[in-house]
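Heads up, the thing below is written out as structure tokens.
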Amino acid sequence: MDSREVIAAGRFVADKLGQKVVGVLLGSDVEAVAREAIEYGADRVLYVDDPAYGEYLNLRFADAIFEMVAAQKPYAFLLVANELGKDIAGRIAYRLGTGLATDNVQLAVEDYFNPQAKQTFKNLMIQIRPDFGTRLARIYTPRTRPQMATVRPGNFASLERNPGRQGGLEKFSPTQRDYPAVVRSIVEVPKPSVDLRGADVVITLGLGILRDRSGKRRDPKEAYDLAVRLKGVIESMHGLKVELGATRALIYAELRELDGLIGKDNQVGQTGATVSPAVYFAVGVSGSLQHKVGMSRSKKIVAINTDPEAPIFQVAHYPIVGDLYEELPRITALIGGSSGAA
Ligand SMILES: Cc1cc2nc3c(=O)[nH]c(=O)nc-3n(C[C@H](O)[C@H](O)[C@H](O)COP(=O)(O)OP(=O)(O)OC[C@H]3O[C@@H](n4cnc5c(N)ncnc54)[C@H](O)[C@@H]3O)c2cc1C
């Protein structure tokens, strides 16, 4: 899935520039996958098909990708900001002597006027990512090529598969080298207990669960139970897959009452998951930039917040100014019928 998203990101940039998207693929027995990349929007795929590339070894892959990219001399080179992309992007950028903007949530192609140099750079790929504060940074790297960027999964919708789409497949043979590291065994990391990206509906709790509108301290487990109840009603009445999300602030608060119920796997946002479900409930969530970059592409956003000025309302389709301790049961009853029963 991630690779399809990066093809879509590449397609967006290439179409603006009138250029081609060339996919880079390494593995063993991967010709069918290379064809699939064409069907998802690549114009050509340069691929290494060799049992030596059946398992990921970063030095071997970095050498091969460097050779492939250096031979192509592209305008830009994009990778997915997943474990593998993050591991390898810096190595490639260093070898190519170019910059790297990581974790982009958007890309744009625009002319850029540099006031110091008093120079306009035409058709520059602008990399857009959250900075370390509360803003989206636009990164301009006009002088070196390729412009290198990693894109965060979940921010570029993959294109529709077009089985009739034609494109070039080109096999590449990297220089053979010996590597001191070998893969002896592979241990699967346990899958996260929460499938936020696969959910139709995400109900996210924020620090607002700590108090009700009168300022009275509430047991966070009470809000959790209300969210679980809403989850149960949506699942049973509509057959949709619902997951519970959380803001980083709520997770970092390490509330004893939520121990074992809400954890890192529930986090939505810049340093958590990027989600775009059919419906996203933001419950007692202020809507910081770091949170919004992870959920603002949701199809419909319902936000419950006591503060009418809360930034979450800037992206909400259904803003509810109110106390979550009153509004969650009300919504559950509305969806579930008068009894609100699951
Ligand atoms: C580098 C970096 C990365 C980060 N990554 C992430 C990330 O991935 N995900 C993330 O979420 N954050 C992330 N953050 C943290 C982010 O900046 C915010 O601090 C965080 O999102 C705030 O969480 P919150 O909305 O739960 O809390 P708050 O900002 O405290 O908001 C609580 C909200 O609840 C409302 N409220 C209070 N009581 C009620 C009530 N009874 N009913 C209804 N509403 C009520 C309040 O009006 C308020 O708007 C990151 C920060 C940094 C610096």
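The values are calculated or read from the model by the stated rules, or taken from the named source; none is laboratory data. Since this is a predicted model, take the numbers as computed values, not measurements. Methodologically, a virtual Cβ is constructed for each residue, glycine included, from the backbone with ideal geometry; neighbour enumeration extends over all protein chains shown. Surface areas here come from the heavy atoms of the whole protein model, side chains and all, with no ligands, DNA or RNA. Shrake-Rupley method; radii C 1.70, N 1.55, O 1.52, S 1.80 Å.
Data overview
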quantity: Rounded to 10°, Cα long-axis angle of helix 58-72 versus longest principal axis of the chain; calculated: 60
quantity: The chain - mean residue ellipticity at 222 nm from DSSP helices (-39,500 (n - 2.57) per run, n ≥ 4, rounded to 500); calculated: -8500 deg cm²/dmol
quantity: Pairwise label distance in nanometres, ASP111 with VAL182, each label 7 Å out on the Cα-Cβ vector; calculated: 5.9
quantity: Environment charge of LEU59, counting only residues whose C-beta is closer than 14 Å and scoring Lys/Arg +1, Asp/Glu -1; calculated: -1
quantity: Per residue, in Å², the accessible surface of the chain once ligands and nucleic acids are set aside, probe 1.4 Å; calculated: 51
quantity: Residue with peak Gaussian network fluctuation, the chain [Cα springs, cutoff 10 Å], from LYS122, LYS264, LYS221; calculated: LYS122
quantity: log₁₀ of I(q)/I(0) at q = 0.09, 0.16 Å⁻¹ - region 79-218, Debye sum with one point per alpha carbon; calculated: -0.53, -1.20
quantity: Region 1-24-region 209-253 distance, computed between alpha-carbon centres (Å); calculated: 38
quantity: Selected from SER193, SER214, SER298 as most flexible by GNM, with the chain as the system and alpha-carbon contacts under 10 Å; calculated: SER214
quantity: Residue-count net charge about LYS241 - beta-carbon cut-off 9 Å; Lys, Arg +1, Asp, Glu -1; calculated: -4
quantity: Net length gained if the chain between TYR56 and ASP225 were fully extended (0.36 nm per residue, minus Cα distance); calculated: 56.6 nm
quantity: Share of carbon and sulfur in the accessible heavy-atom surface of the chain [1.4 Å probe, %]; calculated: 51
quantity: Average Cα contact separation per residue, region 262-342, under 8 Å, 6 or more apart, as relative contact order %; calculated: 23
quantity: Cα-based reach from LYS122 at 21 Å (exclusive), listing lysines while leaving out same-chain residues under 8 positions away; calculated: LYS16, LYS20, LYS73
quantity: Net charge of neighbours whose Cβ lies under 15 Å from the Cβ of VAL321, counting Lys and Arg as +1 and Asp and Glu as -1; calculated: -4
quantity: Relative packing of 283-292, 61-70, which averages over residues the other C-beta atoms within 10 Å, highest first; calculated: 283-292, 61-70
quantity: Share antiparallel - DSSP beta bridges, the chain, percent rounded to 5; calculated: 25
